[in-house]
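Undergrad: This structure is in structure tokens; I'll ask about it shortly.
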Amino acid sequence: MANSRQVSLAATLAAALTLAACKQTPADIEKHLQEHLISAKPGAVIELPEGKFHFDRTLSLTVDKVTLRGKGMDKTVLSFAGQKEGAQGLLVKANDFTIEDIGIEDSAGDGLTVQGGTNIIIRRVRAEWTRGANANNGPYAIYPVECKNLLVEDSVARGAADAGIYVGQSENVVLRRNRAEYNVDGFEVENTENADVYDNIMTHNTGGIGVFNLPNLPRQGGKHVRVYNNQIVDNNTPNFAPKSLGAIYNLPTGTGIYVMAIKDVEIFKNKIANNNTVNVFLIHFKTGIGDAVETTASSPITQQIFAPQDKRYYGFVQQVSVHDNEISGGGKSPDSRITLLGAMAKAMGGSLTDILYDGLLDPAWGKAENSGQICLQNNTASATFLNFDAANNMKHPITDGKKYSCTLPALSAVSIPQAK
Amino acid sequence: MKLFKYLSFFCFLLLGSCRASQKEVKLFLSEPFPQKLSAWHLYTETRSGLKPNNRLLPYNLRTPLFSDYASKYRFIWMPEGTTAQYREDAVFDLPIGTILQKSFAFPSGNSEKLIETRLLVHTQTGWTPLLYIWNDSQTEATLQLVPNPVPVKWTDANGVHDFTYQIPNVNECHECHDNNRTLLPIGPKARNLGKEQVAHWSEVGYLKGAPKEFPEVAVWNKKETGSLEERALAYLDNNCAHCHQPGGTASYTGVDFRYGHFQPGYCKHPNSAGNMHDLRYDIVPGNPDDSILVYRLSSTAPKVMMPQIGRASVHTEGLALIRDWVESLNKSSCP
């Protein structure tokens, strides 16, 4: 008897989870959504009605196989304005999670964080800081990290003080048909292996998209990233990242795409235009971030207290194929805040080229002129190029892009179960 | 129903033994867990401090997690005939059926008021967290998933403490307790219990395999227990390492505060911090004011403060310890 009562209670509860939203007032949803997220059973679909719902603490989910669904990214809004506790808006640590048709606004820190999940779908989600570009906005709007099999599609990210759509330390990733604007970085693909980024719009950010590896993160060796059919245009919003965000603080205003410390990257069929510092920036970690790693490793403090140089890290950029892109109007008004670029632009009469390469080569690659295998093929003919020979203080710059005319084998498409 | 009648009858016949059963902790290992804390029979008295029932063993940690100056009362219970296996570098291997109990109280008038009791119950499917919130009369606590915040106010030598205590919700238990998405206890490690308590656990049969000698962490606020650095390391181990370690919630930040694995981020840029007052490095040796670690400990703003949850006030004394330690490091200007 006790058993049958339990079963019927459980059934009632499960039904309530999917239906509750229809019958609840906004205040009920604000009060009880977290409880629903906790008591959800695997397979639950939690539907939210139209409306703006206010939360002053992080909402979190740890149950696998849950779908959280609203009525549209502008119609069902989770607002965290005035958040009192927690550093995220919605924090998910679960597998087989789907979120769709929901807006997430004004979280204290990151908007939507998905950490350590397999088979994740983020679809038609808008994550935004409504006051626009501001150093006090959270770092990331859509922030999946340490995920496997990840799809982010038809989503919008605005106002992030680091990256609008960030994917870090993940594998098998598809980012498509999203829009990132008024962020510092529009997109970031960091320490990630196997990513396809296509049909996105990246505009009015400080930089459109970064594809790179950073040291001192648990997962190293990101590679195999394809960036294609994207519009990477007019990313000239002055960098508003706070200094404490480290690397991103040094992102030049007016960057289209930058590729740093990574190999196996294919950039094709994009429109990359009117980014005022540079359209395509191919660089070693040292050029991008400075000498932090090396200097730190040799400092007496480091030796004293054993914070090691990250021996797994490899700072060179290599095997990057840039082909069949429409590239124009880059480098017209470079960000002089970045010392290196400012000096370079001054030397060149005030402007930089569409494509900039630091030309840093690992001696281990041998003596071939293009041992880094940077290949430029069939891009807009008028696109300008400069290898600024960072290794020799710009003594032997190369401006003839034809010297880099070569092809690399096409990278294979990323296959994930949810993006067939 | 029938069963219940039989049981009542049985009790009636054997009144003595049923009454005796009240004197034993009652274990629940699966859903539905009791709505009322009293169902567990953990205490014989609650209104003037928690008096543990038989075999509910109180314990303390040498250097605990700071929780808004709450008094914390910790107990452990294991089923008769079971025992934990000693481990040197991790929480003991605790048997199925273990109950870890932590109760939180704040000063109120001349005494204290219980706010919440957290249970971690080791079931066949893993550790289950349960939150019970105490009533005003301190006679009972009720199971909740998402407890309401509680305003607290008291005055002590440091002045007036007046803030809203945020009781974590059940999901937030995972924030600190998860490692590789498995919920684990944090506190009962040999190094943080110390030799005296470990010996006592062994005596009462709760622990086997414990050596007499093993490393203990310093007591963060007792100079005689360790150098400034040892006390700082103990503090960081027990306030930060549950997240900042491989597999922990903040593993992706690449800093590790575990005792013996210490890599706290000297001259390291943070990976994903928010606006840290324009500071650039986790720790600038010799310079606490330029260290994000210190800035985060001194803040109560949601995206700035560390730990991210579980405190609404600054731990002035803990902050001073960490400041002093950063100050004591060989001065170095980061690149």
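The values are calculated or read from the model by the stated rules, or taken from the named source; none is laboratory data. Not measured: the values here are computed from a predicted model. Positions of Cβ are backbone-derived with ideal geometry, glycine not excepted, and every protein chain shown enters the neighbour counts.
Undergrad: Being surrounded by fewer than 20 Cβ atoms within 10 Å (Cβ to Cβ) and either touching a Phe, Trp or Tyr at 6+ places or on another chain (Cβ under 6 Å) or of a type in the set (Phe, Trp, Tyr) (or both): is that true of A:Lys263 here? Walk me through how you get there before you give the answer.
TA: Numbers: surrounded by fewer than 20 Cβ atoms within 10 Å (Cβ to Cβ): yes; either touching a Phe, Trp or Tyr at 6+ places or on another chain (Cβ under 6 Å) or of a type in the set (Phe, Trp, Tyr) (or both): no.
Considered against the rule, which asks whether it is surrounded by fewer than 20 Cβ atoms within 10 Å (Cβ to Cβ) and either touching a Phe, Trp or Tyr at 6+ places or on another chain (Cβ under 6 Å) or of a type in the set (Phe, Trp, Tyr) (or both), A:Lys263 comes out as no.
Undergrad: A further question on this structure: In the range A:90-122, which residues are assigned to a strand (DSSP E or B) and farther than 18 Å from A:Gly168 by Cα?
TA: Going through the range A:90-122, the residues assigned to a strand (DSSP E or B) turn out to be A:90-92, A:98-105, A:110-115, A:118-122.
Correct list: A:Thr98, A:Ile99, A:Glu100, A:Asp101, A:Ile102, A:Gly103, A:Ile104, A:Glu105.
Undergrad: List the residue pairs whose Cβ atoms are under 8 Å apart, where the first residue sits in the range A:28-51 and is under 15 Å from A:Glu100 (Cα atoms) and of a type in the set (Val, Ile, Thr), the second is modelled with pLDDT of 95 or more and not in a helix (DSSP H, G or I), and the two are 6 or more positions apart or on different chains.
TA: Here the result reads A:Val45/A:Val66; A:Val45/A:Thr67; A:Val45/A:Arg69; A:Ile46/A:Ala40; A:Ile46/A:Val66; A:Ile46/A:Thr67; A:Ile46/A:Leu68; A:Ile46/A:Arg69, each pair linking the range A:28-51 to a residue that is modelled with pLDDT of 95 or more and not in a helix (DSSP H, G or I).
Undergrad: Assess whether A:Ala14 counts as being modelled with pLDDT under 95 and surrounded by fewer than 18 Cβ atoms within 10 Å (Cβ to Cβ). Steps first, answer last, please.
TA: Values: modelled with pLDDT under 95: yes; surrounded by fewer than 18 Cβ atoms within 10 Å (Cβ to Cβ): yes.
Against the criterion (modelled with pLDDT under 95 and surrounded by fewer than 18 Cβ atoms within 10 Å (Cβ to Cβ)), A:Ala14 qualifies.
Undergrad: Quick one: B:Val314 ticks every box in (1) in a loop (DSSP other than H, G, I, E, B); (2) surrounded by fewer than 23 Cβ atoms within 10 Å (Cβ to Cβ); (3) within 14 Å of chain A (Cβ to nearest Cβ) except a single one, so which number is it?
TA: (3)
Undergrad: Counting residues that are under 23 Å from B:Thr46 (Cβ atoms) and within 11 Å of chain A (Cβ to nearest Cβ), which strands (runs of 3 or more DSSP E) fully inside the range B:122-198 reach at least 2? Lay out the reasoning, then the answer.
TA: Details: elements: B:126-134, B:141-143, B:150-156, B:159-165.
Here the list reads B:126-134.
Undergrad: List the pairs whose first member sits in the range B:114-140 and is at pLDDT 95 or above, whose second member is assigned to a loop (DSSP other than H, G, I, E, B) and acidic (Asp, Glu), and whose Cβ atoms are under 9 Å apart, counting only residues at least 6 apart or on separate chains?
TA: If the second residue must be assigned to a loop (DSSP other than H, G, I, E, B) and acidic (Asp, Glu), the pairs left are B:Thr128/B:Glu31; B:Tyr132/B:Glu140; B:Trp134/B:Glu140.
Undergrad: Could you say which residue among B:Pro246, B:Pro264 is over 17 Å from A:Ser244 (Cβ atoms) and at the interface with chain A (Cβ under 10 Å from one of its Cβ atoms)? Break it down into steps so the answer makes sense when it comes.
TA: Working: B:Pro264 fails: over 17 Å from A:Ser244 (Cβ atoms).
Result of the check over B:Pro246, B:Pro264: B:Pro246.
Undergrad: Please find, within the range A:362-371, the residue that is surrounded by the fewest Cβ atoms within 10 Å (Cβ to Cβ) out of those that are closer than 21 Å to A:His323 by Cα and at pLDDT 95 or above. Talk me through it step by step, then tell me what you get.
TA: So in the range A:362-371, the residues closer than 21 Å to A:His323 by Cα come out as A:369-371.
Filter again for at pLDDT 95 or above, leaving A:370-371.
Values: A:Asn370: 17, A:Ser371: 14.
The qualifying residue surrounded by the fewest Cβ atoms within 10 Å (Cβ to Cβ) is A:Ser371.
Undergrad: Go over the candidates B:Val294, B:Val204 one by one and state the one that is outside the structural domain of B:Cys173 (by TED's automatic domain parsing) and hydrophobic (A, V, I, L, M, F, W, C). Steps first, please.
TA: Details: B:Val204 fails: outside the structural domain of B:Cys173 (by TED's automatic domain parsing).
The match here is B:Val294.
Undergrad: Hey, among the residues in the range A:223-255 that are closer than 22 Å to B:Asp290 by Cβ and modelled with pLDDT of 95 or more, which one's nearest to the other protein chains (Cβ to nearest Cβ)?
TA: Step by step, filter the range A:223-255, then rank; the result is A:Phe240.
Undergrad: Additional query: Would you check which residues across the range B:281-295 are of a type outside the set (Val, Ile, Thr) and crowded, with 22+ Cβ neighbours inside 10 Å and list them?
TA: Listed by number, the residues that qualify are B:Tyr281, B:Asp282, B:Pro285, B:Pro288, B:Ser291, B:Leu293.
Undergrad: Any residue in the range B:145-164 that is surrounded by fewer than 21 Cβ atoms within 10 Å (Cβ to Cβ), on the phi > 0 side of the Ramachandran plot and without any contact (Cβ under 8 Å) to a residue 24 or more places away in the chain?
TA: yes
Undergrad: Can you tell me which residue in the range A:90-109 is farthest from the other protein chains (Cβ to nearest Cβ), limited to those that are closer than 20 Å to B:Arg181 by Cα and crowded, with 22+ Cβ neighbours inside 10 Å? Can you show your working first?
TA: Taking the range A:90-109 as the starting set, the residues that turn out to be closer than 20 Å to B:Arg181 by Cα are A:90-98.
Remaining after also requiring crowded, with 22+ Cβ neighbours inside 10 Å: A:90-94, A:97.
Working: A:Leu90: 11, A:Leu91: 8, A:Val92: 10, A:Lys93: 7, A:Ala94: 9, A:Phe97: 13 Å.
Looking at the filtered set, the residue picked out is A:Phe97.
Undergrad: Could I ask something else about it? Pick out the one residue from A:Gly342, A:Gly401, A:Gly329 that is out of contact with any strand residue (DSSP E or B) (no Cβ under 6 Å at 6 or more places or on another chain), surrounded by 12 or more Cβ atoms within 10 Å (Cβ to Cβ) and not basic (Lys, Arg). Before you say what the answer is, go through the steps one by one.
TA: On the way: A:Gly401 fails: out of contact with any strand residue (DSSP E or B) (no Cβ under 6 Å at 6 or more places or on another chain); A:Gly329 fails: out of contact with any strand residue (DSSP E or B) (no Cβ under 6 Å at 6 or more places or on another chain).
Selected residue: A:Gly342, the only one of A:Gly342, A:Gly401, A:Gly329 that is out of contact with any strand residue (DSSP E or B) (no Cβ under 6 Å at 6 or more places or on another chain), surrounded by 12 or more Cβ atoms within 10 Å (Cβ to Cβ) and not basic (Lys, Arg).
Undergrad: Hey, another quick one. From the set of residues in the range A:39-77 that are crowded, with 21+ Cβ neighbours inside 10 Å and among the small types (Gly, Ala, Ser), which is nearest to the other protein chains (Cβ to nearest Cβ)?
TA: So the residue we want is A:Ser60.
Undergrad: I've got another one for you. Of all residues in the range A:258-283, which are in a strand (DSSP E or B), in contact with a Leu (Cβ under 9 Å, 6 or more places away or on another chain) and under 24 Å from A:Ala345 (Cβ atoms)? Spell out how you get there, then give the answer.
TA: Of all residues in the range A:258-283, those in a strand (DSSP E or B) come to A:258-260, A:263-268, A:271-273, A:278-283.
Adding the requirement that they be in contact with a Leu (Cβ under 9 Å, 6 or more places away or on another chain) leaves A:258-260, A:264-266, A:278-283.
Those that are in a strand (DSSP E or B), in contact with a Leu (Cβ under 9 Å, 6 or more places away or on another chain) and under 24 Å from A:Ala345 (Cβ atoms): A:Tyr258, A:Val259, A:Met260, A:Val278, A:Asn279, A:Val280, A:Phe281, A:Leu282, A:Ile283.
Undergrad: Ok, one more. Which ranges mark the strands (runs of 3 or more DSSP E) fully within the range B:25-101 that have 3 or more residues being under 21 Å from the mean Cα position of the chain (by Cα), crowded, with 16+ Cβ neighbours inside 10 Å and of a type in the set (Phe, Trp, Tyr)? Quick ask: steps written out before the conclusion?
TA: Values: elements: B:43-45, B:57-59, B:71-77.
Strands (runs of 3 or more DSSP E) meeting the threshold: B:71-77.
Undergrad: Which ones in the range B:217-248 are crowded, with 20+ Cβ neighbours inside 10 Å and outside any helix (DSSP H, G or I)?
TA: First, pick out the residues of the range B:217-248 that are crowded, with 20+ Cβ neighbours inside 10 Å: B:217-220, B:231-244, B:248.
B:Val217, B:Ala218, B:Val219, B:Trp220, B:Cys240, B:Ala241, B:His242, B:Cys243, B:His244, B:Gly248, listed by residue number.
Undergrad: Next question. Residue check: is B:Ile292 within 13 Å of another protein chain (Cβ to nearest Cβ), of a type outside the set (Gly, Ala, Ser), free of Cβ contacts under 8 Å to residues at least 60 places away in the same chain and touching an Asp or Glu at 6+ places or on another chain (Cβ under 6 Å)?
TA: Details: within 13 Å of another protein chain (Cβ to nearest Cβ): yes; of a type outside the set (Gly, Ala, Ser): yes; free of Cβ contacts under 8 Å to residues at least 60 places away in the same chain: yes; touching an Asp or Glu at 6+ places or on another chain (Cβ under 6 Å): yes.
Here the answer is yes, as B:Ile292 does meet what is asked.
Undergrad: Continuing with this model, one more query. Does the range B:267-289 hold any residues that are touching a residue at least 40 places away in the same chain (Cβ under 8 Å) and more than 7 Å from chain A (Cβ to nearest Cβ), and which are they?
TA: In the first step, residues of the range B:267-289 are kept if they are touching a residue at least 40 places away in the same chain (Cβ under 8 Å); the result is B:267, B:280-281, B:283-287.
Scanning the range B:267-289 gives B:Tyr281, B:Ile283, B:Val284, B:Gly286, B:Asn287.
Undergrad: Let me ask something else. Just for the range B:249-261: of the residues that are assigned to a loop (DSSP other than H, G, I, E, B) and among the hydroxyl-bearing types (Ser, Thr, Tyr), which one is farthest from the other protein chains (Cβ to nearest Cβ)?
TA: Initially, the range B:249-261 is screened for residues assigned to a loop (DSSP other than H, G, I, E, B), giving B:249-250, B:254-255, B:257-261.
Add one more test, that the residue is among the hydroxyl-bearing types (Ser, Thr, Tyr), and what stays is B:249, B:259.
Numbers: B:Thr249: 8, B:Tyr259: 14 Å.
In this case the residue turns out to be B:Tyr259.
Undergrad: Kindly indicate the residue of the range B:185-211 that is of a type in the set (A, V, I, L, M) and under 30 Å from B:Cys243 (Cβ atoms) and also surrounded by the fewest Cβ atoms within 10 Å (Cβ to Cβ) among those meeting that condition.
TA: Residues of the range B:185-211 that are of a type in the set (A, V, I, L, M), as a first pass: B:186, B:190, B:193, B:198-199, B:204, B:207, B:210.
In the following step, the residues that additionally are under 30 Å from B:Cys243 (Cβ atoms) were identified as B:186, B:190, B:193, B:198, B:207, B:210.
Working: B:Ile186: 17, B:Ala190: 24, B:Leu193: 24, B:Val198: 24, B:Leu207: 25, B:Ala210: 19.
Filtering first and then ranking leaves B:Ile186.
Undergrad: So which of A:Ala364, A:Ala381 is within 18 Å of A:Ile262 (Cα to Cα) and without any contact (Cβ under 8 Å) to a residue 60 or more places away in the chain? Reasoning before the result, please.
TA: Numbers: A:Ala381 fails: within 18 Å of A:Ile262 (Cα to Cα).
Criteria check complete, one pass: A:Ala364.
Undergrad: Something else: Would you mind telling me which numbered condition in (1) hydrophobic (A, V, I, L, M, F, W, C); (2) surrounded by fewer than 23 Cβ atoms within 10 Å (Cβ to Cβ); (3) assigned to a helix (DSSP H, G or I) B:Phe214 fails?
TA: In the conditions (1) hydrophobic (A, V, I, L, M, F, W, C); (2) surrounded by fewer than 23 Cβ atoms within 10 Å (Cβ to Cβ); (3) assigned to a helix (DSSP H, G or I), B:Phe214 misses (3) alone.
Undergrad: A further question on this structure: Restricting the range B:299-311 to residues that are surrounded by fewer than 18 Cβ atoms within 10 Å (Cβ to Cβ) and either of a type in the set (Gly, Ala, Ser) or farther than 22 Å from B:Thr249 by Cβ (or both), which is nearest to the other protein chains (Cβ to nearest Cβ)? Can you show your working first?
TA: Taking the range B:299-311 as the starting set, the residues that turn out to be surrounded by fewer than 18 Cβ atoms within 10 Å (Cβ to Cβ) are B:299-301.
If we keep only those that are either of a type in the set (Gly, Ala, Ser) or farther than 22 Å from B:Thr249 by Cβ (or both) as well, we get B:299, B:301.
Numbers: B:Ser299: 11, B:Ala301: 8 Å.
Here the residue is B:Ala301.
Undergrad: Test each condition in (1) surrounded by 12 or more Cβ atoms within 10 Å (Cβ to Cβ); (2) at pLDDT 90 or above for B:Cys18 and report the one that comes out false.
TA: Unmet for B:Cys18, out of (1) surrounded by 12 or more Cβ atoms within 10 Å (Cβ to Cβ); (2) at pLDDT 90 or above: (2).
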